[in-house]
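The values are calculated or read from the model by the stated rules, or taken from the named source; none is laboratory data. The model shown is predicted, which means the values in this text are computed figures rather than measured ones. Positions of Cβ are backbone-derived with ideal geometry, glycine not excepted, and every protein chain shown enters the neighbour counts. For the accessible areas, the whole protein counts, side chains as well, though only heavy atoms, and no ligand, DNA or RNA atoms are used. Shrake-Rupley method; radii C 1.70, N 1.55, O 1.52, S 1.80 Å.
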Amino acid sequence: MYRILTLLFILFIACTPETSNPEVEKWEAQAENITIIRDDFGVPHIYGKTDADAIFGLLYAQCEDDFRRVERNFTWAIGRLAEDEGEEALYSDLRSRLFMTEEEAKENYASTPDWLKDLCQAWADGINYYLETHPEVQPKVIKKYEPWMTMYFTEGSIGGDIERVSTRKIKAFYESMSPSGGGEGGGFQQVSLNSEDYVLEEPQGSNGFAISGDLTESGNAMLLINPHTSFYFRGEVHVISEEGLNAYGAVTWGQFFVYQGFNENTGWMHTSTYTDVIDEFKETIIEKEDGLYYQYGEEERQVEMKEVTLKYKDGNELKEKTFPIYRTHHGPITHTVDDQWTATALMWEPVKALEQSYTRTKKKNLEEFHDMMNIRTNSSNNTVFADSEGNIAYYHGNFIPIRNTEFDYSQPVNGSNPATDWQGLHEVDDAITVFNPSNGWIQNCNSTPFTSAAENSPKKENYSRYMYNAPENFRGVNAIRLLSEISSIDLDGLISLGYNPYLPAFEKVVPGLVEAYDALGDESLNEEIDLLRNWDFETSAESKAMSLAHFYGMLLYRHGEIPNNLSGVERFEYFGTDMPMGERIGIFQLALEEMKERYGKTIIPWGEINRFQRISGTIDATFDDDAPSIPVGFTTARWGHLAAYGMRGNHDVKKIYGTRGNSFVAAVEFGEKVRAKTILAGGQSSDPNSPHFNDQAQMYANGQFKDAAYYREDVEARAEETYKPGKR
């Protein structure tokens, strides 16, 4: 009898189901509403019943492609990077918390409308379900993603406004602060045009072109979406719901909206804006027995004080450090200027910003898009737009505080004077905009808005100085030249225009060097000079003159003496026309010496120097001169090349390997049906074992685009894999 009872007990235990997890069951049920179709380039097309379903699937698919970048973006955004990267990241974390503590992020999330809460929850659930179904993937810091975390990363710019606030100066202030002492001036992180860092680093920027049907072969409006970011910063996605979402384009890893892209009727391209969106206010601090106060007109207002405890990795240990946080109504205290505590003011409306970023993707025409722009939280971007009704438009900035023009906001202003306060925001209709210009095209290349539409461009005298701050650059010069020549362009022609090899920066620099060489009568460099003498200023992998010009141009930036207050374009004109001839030759000789040191020769095709290589899926790229790589004929944006390609960071190699520039690029045509062609640097996946890790590399180097599969029948015709989250 005992044995029978024992056997029955064992059978009962064996048949008893494992304890259920209601949260996992909820995720599994939602996953049934979602279908992911991977096309022949690995691009995920995510179909969901509701927007929330689609967002769940979108984040799941992103984690499949590059979880580590999803993870790092939010570890950085919420202020926990030091838990992974150590004490040196502590002040990046503190910067994040200065503008919003975790408790404040939760309060912001609690105030969001229900529809947006649903999307934030789906965002967290999609990531968490990926981790649940992939136990081999161990998160480094965030073990469980919470919906309030989305409040920290509400627009997809590379960097964004907050990264312009110097962590070095935050460290200087918060390590040794007192109301009256210490610190350094100037809160923004800036790089001198003459510094070696500036010379070696590929500049950030983007190009956006909108072309009306008057200038296209089909009669339809077209849009070139051409961001210049660090490679692999964004993936290519297509996200669709039965609630009207059908957006295709680039998504910044970890976000739930297509940042630069298109739907069936509208397309949007962002370029970094240089509108003044960040100001500094010097505060007069008063110490009292009951705390700190600051002068504001006749008032003495109490300084808001909080504490935040941050963790950081030290070897195998996790340590803590507690900081005070000080704020005035202008913003958090971030540094000192002239021995005064200084607050930094920038756009910080996370709920509105997230709403604007998401709803942008569902607009059907210019009228709806314009209404969305009135939310006015897209602070770091200009926007180039086109739609299926034939409209083209340009918005220079979006978040533009109204200021008293008696004060110079390019410098820190006196925060104790109420007249320096922001006086609300400019309406969109008061900002610098362009709508359907008669010339038929719009361009912005992080350049002045006053050449954005030829003779129909906005007029500088009609706007306050703080509404613009971008001089012309060589990409803008090149874009104007090319767009002014079009008359009946098709989608392939738009791509060719965006990859035009001409480099306007050398139009005066190279003839100026040749002139100096001829005048000085030196014949020792005949071969190199003759290559430049006969050069057409076009870059290619085969061009030997391109190699010479590149190193000469870089050395001009590093060693050329220039007068003050010249713009980038004016500086290069000076180098070619007014720089002493002996100095031109001397710098060219330095360039040749550097080439000999690197490559053993000075006559070398550009493609032997300039390469594309992807050998690892790690976030911090590594390169190897002995490993396979692909020649690339593109070059840096600073020479005016629209298809920007350059290197950032310190790498112990002799060749130039691209890390930044053209990354995701799309050419879009809006008609009865939307058509698009796209390219992505390298490939969709960060896994070196994936067939989609590097399958677009040669196409990328050739400027060869793939057709984007937008409609369901096209997606299914190119389907490589179809599955539901958790069942791949």
Checklist entry - When you take every Cα atom in segment 34-169, what is the radius of gyration, and what is Dmax, the widest Cα pair distance, in Å? => result 15.8, 48
Checklist entry - Between Asp429 and Thr577, 0.36 nm times their residue separation minus their Cα-Cα distance comes to what? => result 49.1 nm
Checklist entry - How big is D for segment 208-351, in µm² s⁻¹ as a whole number, if Stokes-Einstein is applied with the Kirkwood radius of its Cα pairs at 20 °C and 1.002 mPa s? => result 105
Item to check | All lysines inside 24 Å of Lys306 as judged from Cα atoms, apart from same-chain residues fewer than 8 positions distant | outcome: Lys106, Lys169, Lys171, Lys282, Lys288, Lys319, Lys321
Checklist outcome for this item: For segment 679-695, Karplus-derived ³J(HN,Hα) couplings (6.51, -1.76, 1.60; θ = phi - 60°; whole Hz; x for glycine and proline) come out as 8, 10, 4, x, x, 6, 9, 8, 8, x, 7, 7, x, 9, 6, 9, 6
Item to check | Cα-based reach from Lys49 at 22 Å (exclusive), listing lysines while leaving out same-chain residues under 8 positions away | outcome: Lys26, Lys117, Lys362, Lys363, Lys364, Lys724, Lys727
Checklist entry - For segment 464-581, rounded, prolate or oblate, judged on the Cα gyration tensor with a ≥ b ≥ c (square roots of eigenvalues), a/c < 1.5 rounded, else prolate if a/b > b/c? => result oblate
Checklist entry - Could you give the distance between the Cα centres of segment 55-85 and segment 219-287, to the whole Å? => result 18
Checklist entry - So what's the net charge close to Ser111: Lys and Arg +1, Asp and Glu -1, counting the other residues with Cβ under 14 Å from its Cβ? => result -3
Checklist entry - Measuring from label point to label point, each 7 Å out along Cα→Cβ, what is the Asp687 to Asn414 span in nm? => result 6.3
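With the full set of protein chains in place, find how many percent of the accessible area of segment 212-330 is carbon and sulfur; take the probe as 1.4 Å.
For segment 212-330, the apolar C and S fraction of the accessible surface comes to 38 percent.
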Checklist entry - Does a label point 7 Å from the Cα of Thr322, set along Cα-to-beta-carbon, have any residues of segment 271-296 with amide nitrogen under 19 Å, and which are they? => result 291-292
Checklist entry - Contour minus end-to-end for Lys596 and Asp314, with contour as 0.36 nm per residue of separation and end-to-end as the Cα-Cα distance? => result 97.2 nm
Checklist entry - Karplus couplings for segment 547-562 from phi (6.51 cos²θ - 1.76 cosθ + 1.60, θ = phi - 60°), rounded to Hz, Gly and Pro as x? => result 4, 4, 5, 4, 5, 5, x, 5, 6, 4, 4, 7, 10, x, 7, 9
Item to check | Exposure of Glu28 as accessible area (Å², to 10), given a probe of 1.4 Å and all protein chains | outcome: 90
Checklist outcome for this item: Probe 1.4 Å, all chains present, heavy atoms only: Asp339 accessible area in Å², nearest 10, is 90
Item to check | Spatially close lysines, pair count over segment 562-688: Cα under 17 Å, gap of eight or more or interchain | outcome: 4
Item to check | Intensity falloff of the chain expressed as log10 I(q)/I(0), Debye formula with alpha-carbon point scatterers, at q = 0.06, 0.07 Å⁻¹ | outcome: -0.38, -0.52
Next on the checklist: Ordering Lys655, Lys288 by accessible area with a probe of 1.4 Å, largest first, what comes out?
Outcome noted: Lys288, Lys655
Next on the checklist: Quick check: from the Cα gyration tensor, does segment 430-522 come out rounded (a/c under 1.5), prolate or oblate?
Outcome noted: oblate
Item to check | Where labels lie 7 Å past Cα in the beta-carbon direction, separation of Glu368 and Arg675 in nm | outcome: 2.4
Checklist outcome for this item: Per-residue ellipticity at 222 nm attributable to helices in the chain (runs of n ≥ 4 DSSP H, -39500 (n - 2.57) apiece, nearest 500 deg cm²/dmol) works out to -9500 deg cm²/dmol
Checklist entry - Ser488: accessible area at probe 1.4 Å, nearest 10 Å²? => result 70
Next on the checklist: What does the extension gain come out to for Lys49 and Gln302, with contour length at 0.36 nm per residue minus their alpha carbon separation?
Outcome noted: 86.0 nm
Item to check | With every protein chain in place, segment 425-468: carbon and sulfur % of accessible area (1.4 Å) | outcome: 44
Item to check | Relative contact order, percent, the chain [alpha-carbon distance under 8 Å, six or more residues apart] | outcome: 17
Item to check | For segment 338-367 and segment 663-728, distance of Cα centres in Å | outcome: 30
Next on the checklist: With every protein chain kept in place and ligands, DNA and RNA left out, what is the accessible area per residue of the chain? Probe 1.4 Å, answer in Å².
Outcome noted: 40
Item to check | Largest-first ordering by accessible area, 1.4 Å probe, given options Ser218, Ser547, Ser524 | outcome: Ser524, Ser218, Ser547
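If R0 is 25 Å, what FRET efficiency do you get for Lys26 and Asp114 from their C-beta distance, rounded to 0.05? Don't jump to the answer; show the numbers that get you there.
Working: r = 18 Å, r/R0 = 0.70.
Given R0 = 25 Å and the Cβ-Cβ separation, E is 0.90.
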Next on the checklist: Classify segment 687-728 from the C-alpha gyration tensor, please: rounded if a/c falls under 1.5, else prolate or oblate depending on whether a/b exceeds b/c.
Outcome noted: oblate
Item to check | Rounded percent of accessible protein surface that carbon and sulfur make up, segment 510-594, 1.4 Å probe | outcome: 45
